[in-house]
Protein chains: 2
Amino acid sequence: MNSVDHIEQQDHIYQDKKQFEVWASYLRVLAHPTRLAILDALKDGTQCVNDVCELLQRPQPNLSQHLAILRREGIVRYREEGKKRCYYLADPSSIQTLLQTLRDGKIITSF
Amino acid sequence: MNSVDHIEQQDHIYQDKKQFEVWASYLRVLAHPTRLAILDALKDGTQCVNDVCELLQRPQPNLSQHLAILRREGIVRYREEGKKRCYYLADPSSIQTLLQTLRDGKIITSF
DNA sequence: TATTATGATTCGCATATCAGAATACGAGTA
DNA sequence: TACTCGTATTCTGATATGCGAATCATAATA
């Protein structure tokens, strides 16, 4: 291996490393029971924050925090309707696939 | 809604809640750059700890910690070969699907 | 048996994450 | 303009997570 190859390989490792960090950040956002429950609640359509509160039986400020985290990652968006904010999945089919995959236990091999 | 329905609905919510917690625990294990890198390193076959160290350029105790976390979740296993421990994916095709999905950006909508 | 190679574990610290409480904000409405 | 409704943000303390350093455990070997 000459020195150019070596540099390229190092660069490749570095690119991968950045890639893994991005993916990990994304997975970390999904890796919370309340946030998964929110995604599940939104899978059949738009819901305002209050509706989500009632569905999940969790306090509003807590849900707002989790919605903000999902928003920052671009996983959910919202529309203003009157004085309500109606949240919806940015990419419903991806999230539905994710939830279905988890349900099927296709990724989760240990149960 | 009578009281039996109410109890059943509560139970349903409770079951879901437990389910989301289990899924979240699993996703949390995946949601770390080093652990994703380990899975990627194992995707084409078995590797002993030292090999993984060299591949990922990370100290051995740190990798052992992450391997233990992946082991506990049932995501990787190992075989003893001489004095080496050779790790492999418990369910290669699931992990390959996961990595491919991340690569394709099919789940990740924000880039 | 002493030594080495290979991994695992423990410890201590720094950082991150989370929940709840309190509060702020902003759009409607009286 | 004051008030209310719906939601967001900030703050604080508790818990969890991640890392490096040191150490331990064990199988192979000299």
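Here B:Lys18 meets the list (1) within 20 Å of A:Ala31 (Cα to Cα); (2) surrounded by fewer than 13 Cβ atoms within 10 Å (Cβ to Cβ); (3) at pLDDT 95 or above almost entirely, failing just condition (3). Restricting the search to helices (runs of 4 or more DSSP H) fully inside region B:29-111 and requiring at least 1 residues that are acidic (Asp, Glu) and within 11 Å of DNA strand C (Cβ to nearest atom) gives B:49-56. Within region B:45-59, residues that are within 13 Å of chain A (Cβ to nearest Cβ) reach no partner that is among the acidic types (Asp, Glu) and more than 12 Å from DNA strand C (Cβ to nearest atom) with beta carbons closer than 6 Å at six or more positions or on different chains. Figure legend. Inter-residue proximity from region A:31-43: first residues away from DNA strand D (no atom under 13 Å from the Cβ), second residues assigned to a loop (DSSP other than H, G, I, E, B), beta-carbon distance below 7 Å, spacing 6+ or different chains. Indicated pairs: A:Thr34/A:Arg58.
The values are calculated or read from the model by the stated rules, or taken from the named source; none is laboratory data. Every value quoted in this text rests on a predicted model; they were computed, and no experiment measured them. Cβ coordinates were reconstructed from backbone atoms using ideal geometry, including for glycine residues, and neighbour counts include every protein chain displayed.
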